[in-house]
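First the structure, in the form of structure tokens, and then the observations on it.
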Amino acid sequence: MKETSTKRQQELMDELSRLGNMIRGSLVHTTRKCGRKTCPCAHGGPGHPVCLLSTSTVMSRNQMTYISKENEETAAAGVAAYKRAWEIIVEISGLNLASLKKSGSKRKSSLQ
């Protein structure tokens, strides 16, 4: 069992090292006014579609960062990579905890 667990941990660590540029946050698609007085959006018309990266900050409101259309795909890949990194960390943590519990029960039985 320990060899399987160690092998899985190594697979996860390898995958983690291959993840690309990670970005913490989530993408939000919404509309905004452009600010030109002659634009229909300034007079109640439809706004212009924009993509924003929402990132939480400590003791503050969420920070919204504009993402250009050219960078939207790159940002989405970064957000997905960050999410996958957390999934890997949670799984590795679970494997480590299971290993600790198993070694603890072996030690208890040898003490009795």
Margin query: Taking the condition of being surrounded by 13 or more Cβ atoms within 10 Å (Cβ to Cβ) and more than 30 Å from SER103 (Cα to Cα), how many residues in segment 1-20 meet it?
Written below: 1
Item checked: Residue pairs meeting the criteria (Cβ under 7 Å; at least 6 apart or on separate chains; first modelled with pLDDT of 85 or more, in segment 41-62; second among the acidic types (Asp, Glu)) -> CYS51/GLU72
Next item on the list: Of the numbered conditions (1) in contact (Cβ under 8 Å) with a residue 24 or more places away in the chain; (2) exposed (fewer than 12 other Cβ atoms within 10 Å of the Cβ), ILE23 fails exactly one; give the number of that condition.
Entry: (2)
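For every residue, the table says whether it meets (1) under 17 Å from the mean Cα position of the chain (by Cα); (2) under 30 Å from ALA81 (Cβ atoms); (3) charged (D, E, K, R); (4) loosely packed, with under 13 Cβ neighbours inside 10 Å.
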| residue | (1), (2), (3), (4) |
| --- | --- |
| LEU27 | yes, yes, no, no |
| ARG36 | no, no, yes, yes |
| CYS39 | no, no, no, no |
| ALA42 | no, no, no, no |
| LEU52 | yes, yes, no, no |
| THR57 | yes, yes, no, yes |
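The values are calculated or read from the model by the stated rules, or taken from the named source; none is laboratory data. All values derive from a computational prediction rather than experimental measurement. As a convention, Cβ positions derive from the backbone with ideal geometry for all residues, glycine included, and neighbour counts pool all protein chains shown.
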